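Some notes on the structure that comes next.
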């Protein structure tokens, strides 16, 4: 659905600029056409309620296409670039989840949470290149760590990073098909667009008393067990939710 909205935004903006240049040739300077198209595509994407992370894509897409055409590269270069983008951003191509990389501070905070929770099993939904799973498995040999990633290139990189970690397993495929009931601690750094659906999945599958931690994006309508603010470059916030405990209130600890 998001790809359809993106294509509609780009093509509609392109058609609008073309009609403006044809209908009022003396009013619009053709040199401003790429800027007008990019701004129009970004505006249409907001009207179509696309996530905010689509804005830089819309703003840069058409100017980047014109720049690439000006380079006069061979056809295989464009094909290779397209394949590489698909391999890296397969989650975006297939739906609503882009590739986000977690900072070392997030991995360190999750280690503290896992120790406090006495967790025996952990899963990262959309693990990327195992920026959380690899250091967590290395620091906690007694924790069974699962990294779930469906984009081909990040999946391969995650497998490589975890190759010597006997307590880490890297799996391919969609997290929507994974049953979360066997994990004590579940982590995700996804997208606001999928959080309502993810909340329903967590409620169905996770055991009462287990913990879900979301980086940057809260679960709509869920009571917080804790909100942890990290001192990394992004000022990341970790939203913690105790499954089955509707009495939890936002505080600095993790109530059991």
Practice prompt. Tell me, please, whether a residue that is in a loop (DSSP other than H, G, I, E, B) and more than 18 Å from residue 242 (Cβ to Cβ) can be found in segment 197-215.
Written response: no
Discussion item. Restricting to segment 160-177, and then to whatever is surrounded by 18 or more Cβ atoms within 10 Å (Cβ to Cβ) and within 19 Å of the chain's Cα centre (by Cα), can you tell me which residue is nearest to residue 132 (Cα to Cα)?
Written reply: 170
Discussion item. Given the criteria assigned to a strand (DSSP E or B), under 17 Å from the mean Cα position of the chain (by Cα) and in the same structural domain as residue 128 (by TED's automatic domain parsing), does residue 194 qualify?
Written reply: no
Worksheet item: Of the residues that make up segment 5-23, is at least one assigned to a loop (DSSP other than H, G, I, E, B) and without any contact (Cβ under 8 Å) to a residue 60 or more places away in the chain?
Response: no
Item to complete: State the number of residues belonging to segment 204-223 that are over 21 Å from the mean Cα position of the chain (by Cα) and surrounded by fewer than 18 Cβ atoms within 10 Å (Cβ to Cβ).
Response: 6
Worksheet entry | Candidate set from segment 30-55 (those that are modelled with pLDDT of 80 or more and surrounded by fewer than 16 Cβ atoms within 10 Å (Cβ to Cβ)); member that is farthest from the chain's Cα centre (by Cα) | 35
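The values are calculated or read from the model by the stated rules, or taken from the named source; none is laboratory data. Small disclaimer: the values here were computed from a predicted structure and weren't measured. FYI the Cβ positions are ideal-geometry reconstructions off the backbone, even for glycines, and counts take in every protein chain you see.
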